[in-house]
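S.K.: Quick one: structure below, then a few questions.
Computed from the coordinates by the stated procedures, all read-outs in this text should not be read as laboratory data. This structure is a prediction, so every number in the text was calculated from the model and none was measured. Note: ideal-geometry Cβ built from the backbone for every residue, glycine included; neighbour counts use all protein chains shown.
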Amino acid sequence: MTFFYFATSTSPHYLLLLPLMRSQEFDIAIVGAGPAGTTLALSLAPTGKSIVVVEKAHFPREVICGDALSGQVNNVLKRMPDGIYQDFLHTVKKTPSWGIRFFSPGQDPLDLPFILTRTEGQEPPGYICPRVTFDDFLFQRLKRYSNIVIHEGEAVKTLNRFEGGIELSTDHRTIQARVIAGADGLNSVVRQTFSERQLDKSYFCMATRAYFEEVTGFHPENFIELIFLKELLPGYFWIFPEVNGRANVGLGLPFKDVIDKRICLKVVMEEMIRTHPLIAPRFRNATMVTKPKARGLALSRNLKNLSGERYLLLGDAALLVDPFTGEGIGLAMASAESAAAVIRESFESGDFSAATFKAYDKRIERRMGMEHSTSAAMQRFARYPWLFDRVVRKANRNQAFKELLASTFNNDNVRKKLVNPLFYARLLI
C-alpha cells in the first residue's frame with residue numbers, strides 16, 4: 001500500500017500516516033452484483049478479461065421481490081459456463097413451480113401451465129427461491145475466477161470519461177476500465193451519469209412484501225398466484241409458495257394510484273388478508289414471520305437508450321421490468337447474456353463506440369420486444385375488469401383458448417395475436 005505524510009496544524013511534531021486512494025485498472029467494470037451483474041461477470045469470465053465487480057452492499061443481502069424464477073432464468077443458467085445450472089439444481093433450496101394461477105376481478109380462477117406437453121422426468125420450468133439465497137448463489141460463484149475482483153460494501157460516487165475508458169470512484173479507490181456495465185438497480189449511478197434513459201414516474205409502481213407461514217389453498221404443483229382485485233386494478237395481490245412451508249405475499253400498485261388515493265400498501269395488504277372473501281380464509285391460521293417491506297419498480301416503457309460509448313445498462317438499471325407482471329429477474333439475466341455477447345465483440349474489434357454498442361439495444365429489442373409489447377397490452381387490458389372477467393371465463397370454458405393463453409409464455413406467434421386489439425374484440429362475440 002502507498003502512504004503519504006500529513007502534519008496536523010495543532011501538533012506539528014507529529015505526523016499522521018494516511019493511505020492514498022488506490023487506483024486499479026481493468027478491462028471491464030460492472031457496477032452492481034445482483035442477477036444482472038453476476039450473470040454478466042460469469043458469462044465473461046472465460047474470456048480471460050480482467051473484470052471488477054463493485055457492489056454497495058455486503059452479501060448475503062435481502063431484496064424485496066416476489067422470488068419467482070421464470071423459465072427465462074432457467075434457460076440463461078443452462079447456457080452459463082462451468083456447470084452452474086447443475087449446481088443450482090442440486091445445491092439451492094427452492095420450490096418447483098409448473099404454472100401460474102390468475103384470479104379475475106370477478107374472483108374466477110384460471111390455471112395456466114408453463115408447459116402444455118410434458119415429458120417424463122422433465123425438470124420444472126420455474127422455481128420460487130428467496131432472493132437472498134439465489135443472489136448469494138450467483139455472487140459466490142464469482143470467487144471461483146482469478147480474473148474477477150470483487151469490492152463489496154463500496155458505493156460508486158462518481159463516473160468520468162478519460163481517453164481510453166471510464167473512471168469510477170468509491171470512498172476507497174478509483175477504478176479505470178475500458179468498458180463499464182451498469183447493473184446497479186433502479187437508482188443506477190451509471191444510468192443517471194451517462195444515459196438519456198431516465199425514470200418516468202408514470203411507469204413507476206410500488207410493492208410491499210412479507211413472508212407468512214401456514215398459508216393454505218395452493219395448487220398442488222405450486223402455481224404462482226396473481227389475484228387481480230377490482231379495487232386495485234391494474235395492480236394485483238400475489239401469493240407464491242416458498243421453501244420451508246413459507247409463502248411470499250405481496251401487493252403491487254401504480255405509484256400514481258398510491259399517491260393520488262393516499263394508499264398505504266401495508267395497511268391495504270393486511271386488510272385484504274383479514275377481510276377479503278377470496279384471500280382471508282387462506283390466512284385463517286397463518287402467521288406473518290417478517291415485517292412488510294416496500295420497494296419501487298420502474299416498469300418498462302420502451303427498450304431505447306440502453307447503451308452508449310463504452311457503457312451498457314442491464315436489468316433494473318436499464319428499467320427492464322415486465323409492465324404486466326413486474327417480473328425482472330429473467331429480464332435482468334437475459335440482458336446480461338446479450339451484453340456479454342456485445343462486449344466480447346467490442347474487444348475483438350477494438351471498437352467501443354456508441355455505434356458499436358448500439359448492437360446491444362438491437363439484441364434487446366429482438367429478444368424482448370414482442371414480450372414487452374404483449375405485457376404492455378395486457379397491462380392496459382387489466383384496467384377493464386369486465387374484459388378481464390370475460391377472458392377468464394371464456395378460457396375456462398374453451399380448452400383451445402386456454403391453451404392459446406398458456407402459450408404466451410413461450411410462443412412469440414401467440415404474443416403477436418395478444419398485441420392485436422382485434423383479438424380482444426373477438427372475445428365479445
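S.K.: Quickly rank 36-47, 120-131 as a protection proxy: mean count of other C-beta atoms within 10 Å, highest first.
M.R.: Peptide ranking by packing, descending: 36-47, 120-131.
S.K.: Taking the Cβ of Val54 as the centre, find all other residues whose Cβ is under 10 Å away and add up their charges (Lys, Arg: +1; Asp, Glu: -1).
M.R.: Charge balance near Val54 sits at -2.
S.K.: State which entries of Lys94/Lys143; Lys143/Lys293; Lys261/Lys293; Lys201/Lys293 exceed 26 angstrom in Cα-Cα distance in the structure shown.
M.R.: Too far apart for the 26 Å limit: Lys143/Lys293.
S.K.: Between 0 and 90 degrees, rounded to the nearest ten: what's the tilt of helix 385-397 against the longest Cα principal axis of the chain?
M.R.: Taking the Cα atoms of the chain, the angle to 385-397 is about 70 degrees.
S.K.: What do you get for the angle between helix 265-275 and the principal long axis of the chain? Use alpha-carbon atoms, 0 to 90 degrees, nearest ten.
M.R.: Around 30 degrees separate the two axes.
S.K.: Hey, what do the phi angles of the stretch 221-236 turn into as Karplus ³J(HN,Hα) couplings, whole Hz, using 6.51/-1.76/1.60 and θ = phi - 60°, x for Gly and Pro?
M.R.: Each residue of the stretch 221-236 in turn: 10, 6, 4, 6, 10, 10, 10, 8, 8, 3, 6, 10, 4, x, x, 7 Hz.
S.K.: Here's something else I'd like to know. Quick one: which of 108-115, 236-243 comes out on top by average Cβ neighbours within 10 Å, and what's the full order, highest first?
M.R.: Descending packing order for the listed peptides: 236-243, 108-115.
S.K.: Can you give the extra length, in nm with one decimal, that the chain gains between Glu348 and Arg118 once fully stretched, where that is 0.36 nm per residue apart less the Cα-Cα distance?
M.R.: Extending this stretch completely gives an extra 78.7 nm.
S.K.: Taking only C-alpha pairs under 8 Å that are 6+ residues apart, what is the relative contact order of the chain in percent?
M.R.: 19
S.K.: Something else: Quick check: residue separation of Leu404 and Lys304 times 0.36 nm, minus the Cα distance between them. What number comes out in nm?
M.R.: Gain on stretching Leu404 to Lys304: 33.0 nm.
S.K.: Taking Cα atoms, how many degrees apart are the long axis of helix 131-141 and the longest axis of the chain, rounded to 10 and kept between 0 and 90?
M.R.: With rounding to tens, the tilt is 40 degrees.
S.K.: Out of these labelled values of Cα extents along the principal axes in Å, (1) 84, 50, 46; (2) 67, 58, 40; (3) 66, 61, 39, which was calculated from the coordinates shown here?
M.R.: Among (1) 84, 50, 46; (2) 67, 58, 40; (3) 66, 61, 39, the one derived from this structure is (1).
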